[in-house]
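Structure record follows, encoded as C-alpha cells.
Taken together, the values in this text are just the output of simple stated rules run on the coordinates, not laboratory data. Predicted, not measured: the structure shown is a model, and the values here were computed from it. All Cβ positions, even for glycine, are placed from backbone atoms using ideal geometry, and neighbour counts span all protein chains on display.
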Amino acid sequence: MKKVESINLMDKFSLFTKQWTPQIIGELNGQYVKICKLKDDFVWHAHENEDELFMVLKGTLLMDFRDGRTVKIKEGEILIVPKGVEHRPHTNGEIVFNLLFEPKSTKHTGGVETPLEVKKLNWI
C-alpha cells in the first residue's frame, strides 16, 4: 500500500519563488493538484478541453474575461473557468498563492506560445 501522508501547502509554497510556474504536489483521478505563485499579468488564453479551477489561498486574484468583466477571487474563494472561455489572470501587484486542480493533459497557457509557458511541470 502506498504511504498516505498529509501535505502542508505553506511548506510547499516555501520551496519555490518563480511566479506563474505551477508545481505539482499530488495527483488524483487523472488530475494534478498544483500550486503556483502569481504576480502581475499573465497571458490571455483558453483551455479548449478542460475546465480550470482556481483556489486562492493567499492574496486576491483578478480574472479578466473578453466580455469586459473582471472577477475578484479573494482568500478562501474559488473560481471555475469553463472550458473554451478565454481568460487572463492577474494580480494588483501582490503575490497570490493559488491551488489548481487540472487534468494531467492541461497545457499551462492553453497552447498559446509565450515566454511564460511552462512545458515541463515539476513535482515538489
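Under the combined filter of DSSP loop state and at most 16 neighbouring Cβ atoms within 10 Å, the range 1-92 retains these trypsin sites (Lys or Arg not before Pro): 2, 3, 18, 39, 66, 69, 74, 83. Largest mean-square fluctuation among 99, 28, 38, in a Gaussian network model of the chain whose springs join Cα atoms under 10 Å apart, belongs to 28. Past 25 Å, Cα to Cα, is the threshold; run 12/120; 37/104; 3/39 against it and keep the listed order. Result: 3/39 exceed 25 Å.
Here, the range 9-123 has an Rg and a Dmax of 13.0, 38 Å when only alpha carbons are counted. Applying a DSSP loop filter and a limit of 16 other Cβ atoms within 10 Å to the chymotrypsin sites (Phe, Trp or Tyr not before Pro) in the range 1-71 leaves 16, 44.
Restricting the GluC sites (Glu not before Pro) of the range 21-50 to loop positions (DSSP other than H, G, I, E, B) with no more than 12 neighbouring Cβ atoms within 10 Å leaves 48.
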